[in-house]
Amino acid sequence: MSLDDLYREVILDHYRHPRRRGALEHPDAHADGQNPLCGDEIAIDLAFDGDRIADVRIRGRGCSISQASASMMAEAITGKTIADAKDLMHRFKAMMDIEPGEAGLDAARPGAALGDLEALQGVRRFPVRIKCADLPWATLAQALEGHPPA
Ligand code: ZN
């Protein structure tokens, strides 16, 4: 099995069996995001425990890249501090060439492993789909605005 095939399997698995799907009854933060280029929609609910993201729920519809990326993100940020989640966001965007920086695993920062999200790096070859992969992260950035309170 080639790496491309493996990545495709990981993406399809998240698309068919999205993790942390649903809504929170009393979310501490919420954001809705759309990618009009593709018709993707994502809604994110977050619950905080101090500076930690205690619970994440995602709803959405759209292409396999956007929905798989949302599922991977939800899994990756659950239980992380807000600072680690933002760090992960920057690493993901660096991997996707959305912003400059260093992608991937930094041994000094155990919270920084991208895990399944690495399966999305092949999407870089399809610039029009990068917005699909980034939609959950752009929506998360909105939800985290003002958190933690200064
Ligand atoms: Zn899409």
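Here are the numbers for this structure:
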{"quantity": "Filter pass, L37 being in contact with a helix residue (DSSP H, G or I) (Cβ under 8 Å, 6 or more places away or on another chain) and part of a loop (DSSP other than H, G, I, E, B)", "calculated": "yes"}
{"quantity": "Output for segment 58-83, where each listed residue is in a strand (DSSP E or B) and either more than 16 Å from the ligand (Cβ to nearest atom) or of a type in the set (A, V, I, L, M) (or both)", "calculated": "I58, T81"}
{"quantity": "Residue selected from segment 22-39 under the condition touching a strand residue (DSSP E or B) at 6+ places or on another chain (Cβ under 7 Å) and under 28 Å from R125 (Cα atoms), by the criterion farthest from the ligand (Cβ to nearest atom)", "calculated": "D32"}
{"quantity": "Pairs, first surrounded by fewer than 15 Cβ atoms within 10 Å (Cβ to Cβ) in segment 27-45, second assigned to a loop (DSSP other than H, G, I, E, B), C-beta under 8 Å, six or more apart", "calculated": "G39/G62; G39/C63"}
{"quantity": "Pair list, Cβ < 7 Å and 6+ apart or interchain, from segment 122-150 residues that are closer than 12 Å to D97 by Cα and within 15 Å of the ligand (Cβ to nearest atom) to residues that are acidic (D, E) and not in a helix (DSSP H, G or I)", "calculated": "R124/D97"}
{"quantity": "Residue among S66, S71 that alone is over 19 Å from A113 (Cα atoms), buried (at least 18 other Cβ atoms within 10 Å of the Cβ) and in contact with a Pro (Cβ under 8 Å, 6 or more places away or on another chain)", "calculated": "S66"}
{"quantity": "Test: residue in segment 71-78 that is in contact with a Lys or Arg (Cβ under 7 Å, 6 or more places away or on another chain), closer than 14 Å to D45 by Cβ and modelled with pLDDT of 95 or more", "calculated": "yes"}
{"quantity": "Odd one out for K86, checked against (1) within 17 Å of L120 (Cα to Cα); (2) of a type in the set (D, E, K, R); (3) assigned to a helix (DSSP H, G or I); (4) in contact with a helix residue (DSSP H, G or I) (Cβ under 9 Å, 6 or more places away or on another chain)", "calculated": "(1)"}
{"quantity": "Selection from segment 1-15 of residues that are in contact with a helix residue (DSSP H, G or I) (Cβ under 9 Å, 6 or more places away or on another chain) and part of a helix (DSSP H, G or I)", "calculated": "L3, D4, L6, Y7, R8, E9, V10, I11, L12, D13, H14, Y15"}
{"quantity": "Selection status of A54, touching a Pro at 6+ places or on another chain (Cβ under 7 Å), free of Cβ contacts under 8 Å to residues at least 60 places away in the same chain and surrounded by fewer than 22 Cβ atoms within 10 Å (Cβ to Cβ)", "calculated": "no"}
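The values are calculated or read from the model by the stated rules, or taken from the named source; none is laboratory data. A quick note: this is a predicted structure, and the numbers were derived from the prediction, not measured. With ideal geometry, Cβ positions are generated from the backbone for all residues, glycine too; neighbour counts draw on all protein chains shown.
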